[in-house]
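Below is one structure; the comments refer to it alone.
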Amino acid sequence: MWSILLVPILYVAAVVQTSLVDVLRIGRVEPDVLVFVGLVWVLCSRGPYRFLAAGAAGLVGDLLCSGTVGPGCAAGLAVGYLLVRADARIAIDRLASRLLAVWVGATFMILVEVLLRGILGQFVSWAHFGLALRLGLGAGLYTAVISLPVLMVVGWLHSAHVARWRRRRDGLY
């Protein structure tokens, strides 16, 4: 049921990515809002197919850029799947672990996309490839920083939901 909300949220993220990210730019580094939405959705929802949200965010990013369609979607699917598998093995349910997962996931998602675009020949020279790698590292960190308030709110809402569920289970409600 909640999956239908991903479409308008990705639309708003695409609008923010194309029009408002210039305001958030620090030097030459800017956050990737679509990666942020995809990874936060993967980390904060439940279900076996939640990694598709990161793939959808990558696909929207591919459609927004002038390159070929596919590298962003592939990077999103790969990183989203790895996050779901990591969440099954170690519980990524605390704020610090989710923030670290967004940082690592965003950095890998951006770097894998840059690597795939380099393999497809979308860089003029390898000097541009090195610059894209350095900016990708900064963008991964910046994306994790902007995810902090959202992850805090999601954590508060989840803890309130769990407390309400426990009160109902114990017959105190």
Positive-pole candidate from W165, G70, A53, dipole of the chain, charges at beta carbon: W165
Protection proxy ranking of 3-12, 94-103 - average other beta-carbon atoms within 10 Å, highest first: 94-103, 3-12
Rounded FRET efficiency, nearest 0.05, which uses the C-beta distance separating D170 from L115 and R0 of 45 Å: 0.30
Alpha-carbon Debye profile of region 59-173, log10 I(q)/I(0) at 0.14, 0.22 Å⁻¹: -0.69, -1.21
Helix-only CD estimate at 222 nm, as mean residue ellipticity for the chain, using -39500 (n - 2.57) per DSSP H run (n ≥ 4): -26000 deg cm²/dmol
Cα centroid separation - region 15-34 against region 51-130, whole Å: 17
Tensor-based shape of region 1-120 (alpha-carbon gyration tensor, a/c under 1.5 rounded, otherwise prolate or oblate): rounded
Peptide ranges 30-37, 137-144 listed from the most packed, as the mean C-beta count within 10 angstrom indicates: 30-37, 137-144
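Every number here is computed from the coordinates shown, using simple stated rules; none is lab data. Note that the coordinates shown come from a computational prediction; the quantities given were computed from them, not determined experimentally. Cβ sites come from the backbone with ideal geometry, for glycine too, and all protein chains shown count toward neighbours.
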